[in-house]
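Right, one structure below, let's go through it.
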Amino acid sequence: MKHVICSIIIAATVLMTNATGRQTVRKAWLKYRRAMQEVEAVQNAADRLENPLDVVRVKAKAASLLWTESAERSRAVFVDLWDKVESQTDKDFDKEEARTIILRYLFPRDRALADQLLKKTAKEDEADSDFARVMGTDPQTKRLAFTAYRLAETDVRLAAAVLEKSLARNTSPMFAPILTRIREKDPSLANTVAERSLGNFLRQPRTVALVGLNNMIAYLFPYFPSAEVSPEVKESDERLRFQFVSIGYQVLGESLAESEESLVKDQGLQQNTLSFRTLCQATLAATLAALSPRYAPQLTEALDATAKRLSAGLPNQLLDAIQVQVAAVKGAIGKNGGDGSEAEIISSMARGDFEAAQEAIDKLKDEKKRLSWGELLLKARVKTHLGRGELFEALSIARKMRDGTQKMLLLAEIAKVAHEKREPDLLTTILYEVKRTSADALPKGIYAVALLTIAAETAHFAPTEAMLMLQDGVATINSLADVGAKEQKGSRSKPILNDPSSFADSAELMRAFSALGEKDLERTLSIANRLENKAVQMVARLATVERAVEKGLPKSSSKDRSQ
């Protein structure tokens, strides 16, 4: 009898487990189909948007999500979208931004197709000015650099690959910010890209290489102390600096040997490009002179003389900029970069000596400058504590910020790290801090960004509070239409911060709706539908279903789905 009862219990347990499994699969299947239904609805409605650029934003994101269902159809949408952008004749339409948006969504799906579409613009790109080609601001480089910058939020390896592709001819001014973003997640990968870039400079025209070396300085010698890294990365950092000095010295010497007449005749450089070349030579020489005692002492005397000669005759404003750059470089390698001046503040912050920085700030006679530098110092301290994983210390200092905008942005950064380190108590404290910060004292656009960021980071630990934060963020975005209208005659910067349409391309908005959509799809969709700006609403709806779509159909038989 006992054996019979045991057999019945086991059989019942198996049946219940199978039924529960089928029910779970059924729910996942329904969620996926609901998500795809939303993608299709948005894709079909996007053509009715008034702004052609918004059409591109929405349809490119929708095309990316269609990939899970049909790669062939997704490719067709991307190609059709690209062709429509190329055929645009409206002078007010930003064709470059449209291309960049498409590439940002296409590269993670099909790099070969992205490269193929890029080749279609090759002839148009070649017609750009010599100044843009030297500066790294030509359309092709800008496209790839902006794409890499956004990709670094989610896929640093792909971002690194796209960035390296952009370095084929020149170096974008965004080189250091992109590498710094990559370094936050993978320092070794960032240094590998930097090392390859240094080698690449030796194969480029010397004026182009000069600009590239100047753009690299901010990565190798940051104004704020870098986050703690492994001994291997520290060794890699030091090796890169040695290479920078060696290659920089070679490029500088060869550049100085080129006459302006030959550059005009052989490379077609114009006067504005030649003037910028002179500034780059002076900045690089001063930087190498500051580094040579440590990395190439045999070159110190020659570099000091060269730096002095190249700086002679430059306007005071440019000399001040060079002095600040040199101060940061000296600070980054642990040296004092000035005496009783703003350069001393910079060098002290760069080497992490915040007491010395505060003493130098206190010596400033101008009260506005003291307050401004004081806020910058607080920001440097927050960043340093974050890099060390000292989150409560970072929060304590962030609370002291007078500038409400910077305070909210720093709170958002702390929330991101708290999420990564799984610190729910700290996230709750940050939520409270945000709530007690008056939105009236801030640009509402910044306040909305902070609300969205913190909603995304707290979705896992406190979904109820995060959902309320998301609702507040939506209400704030909806209020921006009135704010923007009132500020049309004011400062140009304010309408940008307070323009509701800018959220159609907001990484913070997408992360928030994506994180909470995974928790509660229908409720998050209902909040997305409250957004009054149609383009922003559509992007939010796509972000909400993104994770359900990416998971794809659950593994089950058609029989399971029909039950």
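By the gyration tensor of its Cα atoms, with a ≥ b ≥ c the square roots of the eigenvalues, what is the shape of the stretch 375-433: rounded for a/c under 1.5, prolate for a/b over b/c, or oblate? Oblate is the answer for the stretch 375-433, as a/c is 1.5 or above yet b/c matches or exceeds a/b. The accessible area of Tyr432, taken with all protein chains in place and a 1.4 Å probe, comes to roughly 140 Å². Look at where the Cα atoms of the stretch 191-244 and of the stretch 280-308 average out, and the two centres are 17 Å apart. Summary of the geometry: the stretch 404-423 and the stretch 50-121, compared by the centres of their Cα atoms, lie 33 Å apart. Between the listed residues Val162, Tyr105, Tyr32, the Cα displaced farthest toward the positive end of the dipole of the stretch 27-170, a dipole computed from Cβ unit charges relative to the Cα centre, is found at Tyr32. Report note on the peptides 132-140, 180-188: ranked by the mean count of other C-beta atoms within 10 Å, highest first, their order is 132-140, 180-188.
In order along the stretch 171-181, the phi-based Karplus estimate (6.51 cos²θ - 1.76 cosθ + 1.60, θ = phi - 60°) of 3J(HN,Hα) comes to 10, 5, x, 8, 3, 5, x, 5, 4, 5, 4 Hz; Gly and Pro are listed as x. In the chain, a dipole from Cβ-located charges (positive for Lys and Arg, negative for Asp and Glu) runs towards its positive end, and of Thr180, Phe221, Thr429 it is Thr429 whose Cα lies farthest in that direction.
Angle of helix 300-311 to the longest C-alpha principal axis of the chain, folded into 0 to 90 degrees and rounded to 10: 90°. Computed about the Cα centre, the dipole magnitude for the chain is approximately 1660 debye when only Lys and Arg (+1) and Asp and Glu (-1) carry charge, each at its Cβ. Once a ≥ b ≥ c are taken as the square roots of the eigenvalues of the Cα gyration tensor of the stretch 329-458, is the result rounded (a/c under 1.5), prolate (a/b larger than b/c) or oblate (a/b not larger than b/c)? Oblate, since a/c reaches 1.5 and b/c is not below a/b. Simple rule: put +1 on each Lys or Arg Cβ and -1 on each Asp or Glu Cβ in the chain, find the dipole, and look at Ile361, Asn478, Thr141; the Cα lying farthest toward the positive end is Asn478.
For the stretch 21-139, carbon and sulfur atoms together expose 48% of the accessible surface, with a 1.4 angstrom probe and every protein chain in place.
For Phe461, the solvent-accessible surface computed with a 1.4 Å probe is close to 60 Å², ligands and nucleic acids excluded. For the chain, the relative contact order is 13 percent, taking Cα pairs closer than 8 Å that sit 6 or more residues apart in sequence and dividing their mean separation by the residue count. When shorter helices are ignored and each DSSP H run of at least 4 residues is given -39500 (n - 2.57), the per-residue value for the chain at 222 nm works out to -24000 deg cm²/dmol.
Looking at the chain, the accessible area is 48 square angstrom per residue; that uses a 1.4 Å probe and ignores ligands, DNA and RNA. Against the chain, whose longest principal axis is taken from its Cα atoms, helix 139-151 shows a tilt of about 50°. Classified by the C-alpha gyration tensor, the stretch 159-302 has an oblate form. Its axis ratio a/c, with a ≥ b ≥ c, is 1.5 or above, and a/b does not exceed b/c. Taking Cα atoms, how many degrees apart are the long axis of helix 404-420 and the longest axis of the chain, rounded to 10 and kept between 0 and 90? Roughly 60 degrees, rounded to the nearest 10.
The values are calculated or read from the model by the stated rules, or taken from the named source; none is laboratory data. These figures come from a predicted structure and were not determined experimentally. All Cβ positions, glycine included, derive from the backbone under ideal geometry; neighbour counts span all protein chains shown. Just so you know, the surface numbers come from the protein's heavy atoms only, side chains and all, with ligands and any DNA or RNA stripped out. Shrake-Rupley method; radii C 1.70, N 1.55, O 1.52, S 1.80 Å.
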